[in-house]
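What follows is a set of notes on a single structure, which appears directly below.
The values are calculated or read from the model by the stated rules, or taken from the named source; none is laboratory data. Treat the numbers as computed from the prediction; the structure is a model and nothing was measured. Because the Cβ atoms are built from the backbone with ideal geometry, glycine has one as well, and the counts that use them run over all protein chains shown. SASA here: full protein model, heavy atoms, side chains in, ligands and nucleic acids out. Shrake-Rupley method; radii C 1.70, N 1.55, O 1.52, S 1.80 Å.
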Amino acid sequence: RPDAFCVGNYQQGDVVSFRWDVGKDVKDKSQMKIYAAMLNEQVFAQGMKVLADETLQVTEFSSDYISGTIDVKKDGYFYTSVPYEQGWTLYVDGEEAEITPWQDAFIAVDNLEAGMHTIEMKFVPGGFKLGAAISLGGLLLFILAIFLEKYFKNKNYSY
């Protein structure tokens with residue numbers, strides 16, 4: 001899964017080591033690619049200045065829901081710092097929009113039109129609907145079993 005994280009500040013000649021414990025239960029071979037990069041703070045500041053006037057103003061936030069408004073100056077690409085994974089749905093002004101993950105890592109949408117928009121993002125874990133249906137089916141079977149047991153006891157049937 002793509003990810004980016006800061007590991008600190010280093011000087012030329014410093015040695016950096018990484019250790020990744022995958023546990024004893026990992027049977028298949030795993031791979032990891034590590035890319036080192038350096039932040040050009042001047043370019044970063046310029047980029048942040050460009051982006052600062054078109055940020056999502058978050059109005060509601062929880063672990064599975066984000067809502068806010070954004071004033072888009074011109075048509076363009078809308079991206080977030082929210083990690084992308086199956087289960088996220090994004091709505092622009094109440095209409096579902098296709099998520100186009102940026103670098104397969106963050107939630108993004110192509111071609112957000114200029115203007116004021118309400119953005120909503122909702123998360124439902126994969127398998128939730130199937131799990132809920134199976135649980136409901138099990139509950140209904142349990143209730144049916146209790147009903148049938150009482151029905152047969154009242155009729156004095158032996159089973």
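Looking only at the range 74-93, filter to residues that are at pLDDT 95 or above and over 25 Å from residue 3 (Cβ atoms); which one of those is most open to solvent (accessible area, probe 1.4 Å)?
Among them, the one singled out is 93.
With the requirement that a residue be of a type in the set (Gly, Ala, Ser), part of a loop (DSSP other than H, G, I, E, B) and more than 30 Å from residue 73 (Cβ to Cβ), what does the range 109-141 give you?
Those that are of a type in the set (Gly, Ala, Ser), part of a loop (DSSP other than H, G, I, E, B) and more than 30 Å from residue 73 (Cβ to Cβ): 126, 127.
On the basis of being over 24 Å from the mean Cα position of the chain (by Cα), surrounded by 10 or more Cβ atoms within 10 Å (Cβ to Cβ) and among the β-branched types (Val, Ile, Thr), does residue 119 make the cut?
It is false that residue 119 is over 24 Å from the mean Cα position of the chain (by Cα), surrounded by 10 or more Cβ atoms within 10 Å (Cβ to Cβ) and among the β-branched types (Val, Ile, Thr).
Would you mention how many residues in the range 54-73 are surrounded by 13 or more Cβ atoms within 10 Å (Cβ to Cβ) and modelled with pLDDT under 90?
Total meeting the criteria: 1.
Can we say residue 128 is open to solvent by 80 Å² or more (accessible area, probe 1.4 Å) and farther than 20 Å from residue 60 by Cβ?
Working: open to solvent by 80 Å² or more (accessible area, probe 1.4 Å): yes; farther than 20 Å from residue 60 by Cβ: yes.
The answer is yes for residue 128.
Across the range 40-53, which residue is nearest to residue 115 (Cα to Cα) among those that are among the aliphatic types (A, V, I, L, M) and open to solvent by 80 Å² or more (accessible area, probe 1.4 Å)?
First pass over the range 40-53, keeping only residues among the aliphatic types (A, V, I, L, M): 43, 45, 48, 50-52.
Cutting the leftovers down to open to solvent by 80 Å² or more (accessible area, probe 1.4 Å) gives us 43, 48, 50.
On the way: 43: 27, 48: 20, 50: 17 Å.
Going through the qualifying residues, I end up with 50.
For the structure I just gave you, tell me whether residue 97 is open to solvent by less than 30 Å² (accessible area, probe 1.4 Å) and either of a type in the set (Asp, Glu) or touching a Pro at 6+ places or on another chain (Cβ under 8 Å) (or both). Let's see the steps before the verdict.
Details: open to solvent by less than 30 Å² (accessible area, probe 1.4 Å): yes; either of a type in the set (Asp, Glu) or touching a Pro at 6+ places or on another chain (Cβ under 8 Å) (or both): no.
Considered against the rule, which asks whether it is open to solvent by less than 30 Å² (accessible area, probe 1.4 Å) and either of a type in the set (Asp, Glu) or touching a Pro at 6+ places or on another chain (Cβ under 8 Å) (or both), residue 97 comes out as no.
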